[in-house]
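Read-outs: derived from the displayed coordinates by stated rules, not from any lab. Keep in mind the model is a prediction, meaning the values are calculated, not measured. Please note: Cβ atoms are built from the backbone with ideal geometry, for glycine as well, and neighbour counts cover all protein chains shown.
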Ligand SMILES: *Cc1c(COP(=O)(O)O)cnc(C)c1O
C-alpha cells in the first residue's frame with residue numbers, strides 16, 4: 001500500500017532527493033568512492049557546499065553582507081549560540097511555544113530577557129498581537145512556525161529592532177525579507193535535508209559586538225571565516241540539502257512553494273471545518289500552513305484511537321498529534337503532495353461516513 005508521510009520531523013523529502021543522495025552515497029560523482037568516505041576537503045566536495053550556498057542566496061534573495069553556514073548541533077544549539085553572539089545587555093523574545101521557551105531559557109544565561117508576549121495561558125493556540133518590543137533590545141527573537149501547536153507567523157513583523165528567527169519548520173516555504181534579520185536559523189530535518197545539519201544565515205556586521213569571549217566552535221565568526229569547514233561538517237545531510245534546493249528551484253522557487261503550501265493547507269483546513277468529527281486547535285488567523293493540528297470534537301472523543309488506527313490502515317503515517325496538544329497533526333512541508341492531502345481528506349470523509 002502507498003504510504004503518505006505526515007511526520008513532523010524528520011519528515012518527508014522529495015523522492016528524488018532521497019534517490020539522488022542514495023546514489024551519491026554509493027558512488028560519489030563516479031569516483032568509485034562513497035560520499036560518506038571522502039574528505040570534506042576533497043576538491044569534489046567543495047562545489048557541493050558552494051552550490052548549496054549559492055542556491056540558498058538565490059532562492060531567498062539574500063542581500064549582500066550575509067553569510068550562509070552549515071553547522072552541527074541542531075536548532076537547539078542555536079538557542080545558546082544566538083545570545084552568546086548577539087546579546088549584549090537585553091534581548092526580547094516572543095513566547096509562542098515550547099521551542100521559543102527553550103530559546104528564552106538559554107538567553108537568560110547571558111543577559112536580561114524581556115518576554116514581549118506569550119500565549120502560554122492558552123496552550124499556545126494563537127500568536128500574540130498588540131505587544132510592544134523595547135526599542136533598546138539587542139534583538140527580537142521569534143519562532144516563525146510553531147511546529148507543535150500549528151501556529152505560524154507568515155509575514156515580516158514590524159518592530160523597532162533587528163530580528164532573529166528560528167525558521168526550522170517553515171524555511172523555504174515562502175519568500176522572506178532577509179534584510180529584516182540579523183540571523184535566521186533552521187534545523188534542516190523539517191523542510192530541507194536529512195537530519196544532522198543546521199542552516200544559519202547571519203548578517204556579518206552584526207557579529208563581534210559583544211564583549212564576552214566566545215568558545216571557538218560557538219562563535220559564528222569561526223564558521224564564517226572557514227566557510228563552514230572549521231571542522232568536519234555533516235557531509236551527507238549537506239549533500240541532501242543541495243538536492244532539495246535544486247528541487248525547489250526546479251519547481252519554481254519560493255513563490256511556488258508558498259502557493260502550494262496554501263493549496264495543501266486550505267484543502268485540509270476546509271475538511272477539518274466541514275467534518276462533524278473534527279475541529280482545528282489553532283486560532284484561525286494564526287493557522288500554520290506547515291503543521292495542521294486538529295482534534296476530535298468533544299462528543300466524538302472516544303473515536304480518537306479508532307481514527308488513528310483507520311488512518312494508519314489507509315497508509316497515513318505520522319498523523320498522531322504531539323503529546324502536548326493531543327489529537328492529530330498533519331505536517332505538510334514542501335515535499336508533501338496535493339495527492340497526499342487528498343488521500344488524508346478522503347480518509348477523514350470515509351471515517352465520518354462510518355460514524
Ligand atoms: C524541531 C524544531 C527545533 C529543534 O530542532 P533540533 O534540530 O532538533 O534541535 C527547534 N525549533 C523548531 C521551530 C522546531 O520545529
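Numerical summary
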| quantity | calculated |
| --- | --- |
| Inter-site label distance for residue 279 and residue 130 at 7 Å from Cα along Cβ, in nm | 2.3 |
| Separation of alpha-carbon centers, the range 1-67 and the range 145-190, rounded to whole Å | 22 |
| Choice from 164, 201, 38 showing the highest fluctuation, given a GNM over the chain with Cα pairs closer than 10 Å | 38 |
| Calculated FRET efficiency for the pair residue 157/residue 213, C-beta based, R₀ 35 Å, to 0.05 | 0.65 |
| Where the Cα pairs of the range 294-355 fall when distances are cut into 10 Å bins, in % | 21, 57, 21, 1 |
| Prolate/oblate/rounded label for the range 177-223 (Cα gyration tensor, a/c 1.5) | oblate |
| Helix-derived mean residue ellipticity, 222 nm - over the chain, DSSP H n ≥ 4, -39500 (n - 2.57), to 500 | -11000 deg cm²/dmol |
| For the range 195-279: Kirkwood Rh in Å [reciprocal of mean 1/r, alpha carbons] | 16.9 |
| Among 190, 320, 23, residue whose mean-square fluctuation peaks in a GNM of the chain (springs only between Cα atoms under 10 Å) | 23 |
| Least to most buried among 182, 350, 204 (fewest other Cβ within 10 Å first) | 350, 204, 182 |
| Percentage of interatomic Cα-Cα distances in the range 1-151 larger than 23 Å | 57 |
| Approximate spin-label separation residue 204-residue 225, in nm, with each point projected 7 Å along Cα-to-Cβ | 1.4 |
| For the chain, diffusion coefficient by Stokes-Einstein and Kirkwood Rh (Cα), 20 °C, 1.002 mPa s, µm²/s | 101 |
| Length added when fully stretched, residue 34-residue 15, from 0.36 nm per residue minus Cα-Cα | 4.8 nm |
| Computed over the chain: relative contact order in percent, which uses C-alpha pairs under 8 Å that are six or more apart | 23 |
| Within a Gaussian network of the chain (alpha carbon springs, distance under 10 Å), most fluctuating of 146, 231, 85 | 231 |
| Cα-projected label distance for residue 266 with residue 179, points at 7 Å along beta-carbon direction, nm | 2.9 |
| Proxy reagent accessibility, fewest Cβ within 10 Å first, across 247, 99, 131 | 131, 247, 99 |
